[in-house]
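Each remark here refers to the structure printed beneath this line.
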Amino acid sequence: MSARIVAPAVMGLLMLVLWEGVVRLADIPPYVLPGPLVVARTLIADWGMLAPALVVTLTITLEALAAAVVVGGMLAILFSLSRWLELSLFPYAIILQVTPIVAIAPLIITWANNVDLSLLICAWLVAFFPILSNTILGLRSVDHNLLALFELYGAGRWKTLIHLRLPAALPYFLGGLRISGGLALIGAVVAEFVAGTGGSASGLAYRILEAGYQLRIPRMFAALVLISAAGIAIYLLLSLLSYLLLRRWHESAIEAES
Amino acid sequence: MPLVAVRGVSRIFANGVQALGGATLDIEAGEFLSVLGPSGCGKSTLLRLIAGLASPTAGTIEWSKGEWPGGKPDLGFVFQEPTLMPWATALANVALPLKLHGVARSEREARAAEALDHVGLKGFERTWPRELSGGMKMRVSIARALVTGPKLLLMDEPFAALDEITRHRLNADLLALWERSRITVVFVTHSVFESVFLSQRIAVMAARPGRIVSELKIAAPYPRTEAFRTSADYAAHCRLVSTHLSEAMAAA
């Protein structure tokens with residue numbers, strides 16, 4: 001606990017001091033590289049503008065993540081129930097995954113004809129695949145003897161799914177969810193960059209673009225700090241969720257007893 | 001009519017390997033029968049066929065109509081591994097067969113607690129599998145197999161992965177359970193010593209293709225205690241069974 005927090009905190013502090021020192025000693029102007037103190041001051045001064053943008057970006061991220069959980073989870077379950085469905089659809093899921101979102105975002109924006117909706121679709125596209133592929137892996141990684149036992153007691157597909165496959169897949173699903181959380185945020189930011197405009201309200205990506213045009217580099221950094229902080233917060237929350245759900249039984253959540 | 005009659009059963013896997021070739025065996029109601037053979041001789045396959053987890057390529061498996069009039073035979077199965085659900089407590093693991101049969105929660109928990117008590121795990125109802133030792137996990141697995149009150153208990157080398165001390169204790173406790181309930185037990189093992197200690201009858205298998213080559217009666221009286229393990233009678237039986245096993249392996 002202590003080392004896990006102290007070590008990165010000390011390292012982070014050292015890096016910030018080094019950064020501030022280099023900026024001051026080399027006399028780098030803030031429009032090239034602002035020091036951390038300037039960035040912090042900007043963050044506070046511009047909070048009235050940045051906070052609503054953060055809320056907009058986070059909303060899209062969480063909506064996309066929720067959609068990814070629903071669609072990715074459902075598809076994984078359907079695939080586990082029907083081999084044919086999986087064989088015919090999974091390759092297309094991979095195609096969606098490997099197509100760069102930057103390349104298809106303009107199309108989506110044109111087709112959706114609604115900026116909020118298109119941002120959501122982009123973020124969802126980036127986020128859903130890890131949940132899908134991890135959950136499929138989990139649904140398949142069931143102990144064969146346990147499957148035989150369920151067969152022995154006459155359990156059908158649904159009972160086997162609910163009482164055996166879903167609990168067995170939970171750790172895999174949660175692993176996918178942690179990856180998807182970060183990807184949903186990246187998707188939301190990238191999509192807003194491509195759209196070049198916020199939806200009904202502007203998100204952090206638009207504030208970064210705007211600050212870039214106006215050469216307000218400290219504000220750009222402040223927005224970046226907020227995006228990073230949001231990503232870290234999402235990761236920590238999902239890790240906590242994973243820990244709470246698995247701490248009783250899964251090896252990943254159990255501290256080794258010495 | 002025996003409880004289960006296995007008649008000339010063969011099983012060929014999809015990859016062409018013949019696991020069983022004309023195995024014939026009668027399982028009598030209430031007996032403790034061991035199936036003894038070298039690894040890879042098809043013992044486990046035979047057990048899975050009896051359980052109905054796979055179908056024979058040739059031959060038949062008949063169930064006594066008197067014991068199971070028309071219905072699906074009820075049986076318990078114990079695997080080589082404890083095969084517990086790690087996300088469920090000992091009690092929930094034991095209650096699983098009842099849950100799958102749609103038994104109400106209060107009744108299945110009462111019956112599962114009783115089954116745990118029978119295998120010596122009273123007080124461990126709320127324990128998670130990872131907190132149990134290998135021997136205790138196997139006890140939970142046995143309780144789960146017995147919770148439905150089956151007529152037939154199939155065990156696939158259940159104690160092979162345990163240390164000797166634990167194995168001896170589980171052997172003794174299994175015998176005590178059997179003497180109390182007189183459930184029919186088919187016990188697959190590759191250990192001559194274990195099969196002689198436990199069984200009334202031993203069916204010796206040969207490999208490639210798997211078949212029963214000889215059947216031996218172990219006439220020693222029950223209850224069999226640790227004293228039996230060191231007796232001359234036990235040693236003589238072990239020698240006899242070993243000879244049959246060597247012949248079976250030479251024949252293969």
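The values are calculated or read from the model by the stated rules, or taken from the named source; none is laboratory data. Worth saying up front: this structure is predicted, and the values here are computed from it rather than measured. Cβ atoms come from the backbone with ideal geometry, glycine included; neighbour counts cover every protein chain shown. Protein only, heavy atoms only, side chains kept; ligands, DNA and RNA dropped before computing areas. Shrake-Rupley method; radii C 1.70, N 1.55, O 1.52, S 1.80 Å.
Exactly one residue out of B:LEU91, B:LEU53 is surrounded by 15 or more Cβ atoms within 10 Å (Cβ to Cβ), more than 13 Å from chain A (Cβ to nearest Cβ) and in contact with a Phe, Trp or Tyr (Cβ under 9 Å, 6 or more places away or on another chain), and it is B:LEU91. Considering each residue of segment B:67-76 in turn, none proves to be of a type outside the set (Lys, Arg), at pLDDT 95 or above and either assigned to a loop (DSSP other than H, G, I, E, B) or touching a Gly at 6+ places or on another chain (Cβ under 6 Å) (or both). Checked against (1) free of Cβ contacts under 8 Å to residues at least 60 places away in the same chain; (2) surrounded by fewer than 18 Cβ atoms within 10 Å (Cβ to Cβ), B:ALA161 passes all but condition (1). Scanning segment A:128-153 for residues that are more than 7 Å from chain B (Cβ to nearest Cβ) and in a loop (DSSP other than H, G, I, E, B), we see that the one that is nearest to B:LEU98 (Cα to Cα) is A:VAL142.
Tell me whether segment B:173-195 contains one or more residues that are small (Gly, Ala, Ser), crowded, with 17+ Cβ neighbours inside 10 Å and touching a helix residue (DSSP H, G or I) at 6+ places or on another chain (Cβ under 7 Å). Yes, segment B:173-195 has at least one match. Do we have any residue at all in segment B:25-44 that's open to solvent by 50 Å² or more (accessible area, probe 1.4 Å), under 25 Å from A:GLY154 (Cβ atoms) and free of Cβ contacts under 8 Å to residues at least 60 places away in the same chain? Taking every residue of segment B:25-44 in turn, none turns out to be open to solvent by 50 Å² or more (accessible area, probe 1.4 Å), under 25 Å from A:GLY154 (Cβ atoms) and free of Cβ contacts under 8 Å to residues at least 60 places away in the same chain. Tally up the residues in segment B:67-77 that are in contact with a strand residue (DSSP E or B) (Cβ under 7 Å, 6 or more places away or on another chain) and facing chain A (nearest Cβ under 10 Å), please. Of the residues in segment B:67-77, 3 are in contact with a strand residue (DSSP E or B) (Cβ under 7 Å, 6 or more places away or on another chain) and facing chain A (nearest Cβ under 10 Å).
The rows are residues; the columns are (1) without any contact (Cβ under 8 Å) to a residue 60 or more places away in the chain; (2) surrounded by 15 or more Cβ atoms within 10 Å (Cβ to Cβ).
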site	(1), (2)
A:TRP47	yes, no
A:ALA53	no, yes
A:THR59	yes, yes
A:LEU62	no, yes
A:SER80	no, yes
A:LEU87	yes, no
A:TYR92	yes, no
A:ASN113	yes, no
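Are there any pairs, at least 6 apart or on different chains, whose C-beta atoms fall under 7 Å, with the first in segment A:1-17 and free of Cβ contacts under 8 Å to residues at least 40 places away in the same chain and the second surrounded by 10 or more Cβ atoms within 10 Å (Cβ to Cβ), and if so, which? Correct list of pairs: A:LEU16/A:PRO36.
Do we find that A:LEU125 is more than 22 Å from the chain's Cα centre (by Cα) and touching a residue at least 60 places away in the same chain (Cβ under 8 Å) in this structure? Talk me through it step by step, then tell me what you get.
Values: more than 22 Å from the chain's Cα centre (by Cα): no; touching a residue at least 60 places away in the same chain (Cβ under 8 Å): yes.
No, not satisfied.
Restricting A:ARG207, A:ARG219, A:ARG165 to those that are within 14 Å of another protein chain (Cβ to nearest Cβ), in a helix (DSSP H, G or I), touching a residue at least 60 places away in the same chain (Cβ under 8 Å) and surrounded by 20 or more Cβ atoms within 10 Å (Cβ to Cβ) reduces the list to A:ARG165.
May I ask you to list the residues in segment B:155-175 that are in a helix (DSSP H, G or I) and under 15 Å from the mean Cα position of the chain (by Cα)?
Matches in segment B:155-175: B:ARG167, B:LEU170, B:ASN171, B:ALA172, B:ASP173, B:LEU174, B:LEU175.
Specify the residue that is nearest to B:GLN18 (Cα to Cα); the eligible residues are those in segment B:216-235 that are open to solvent by 50 Å² or more (accessible area, probe 1.4 Å) and without any contact (Cβ under 8 Å) to a residue 24 or more places away in the chain. Checking each candidate, the answer is B:LYS217.
Residue by residue, here is whether (1) in a loop (DSSP other than H, G, I, E, B); (2) more than 14 Å from chain A (Cβ to nearest Cβ) holds:
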{"site": "B:ALA14", "(1), (2)": "yes, yes"}
{"site": "B:LEU49", "(1), (2)": "no, no"}
{"site": "B:ILE61", "(1), (2)": "no, yes"}
{"site": "B:LYS65", "(1), (2)": "yes, yes"}
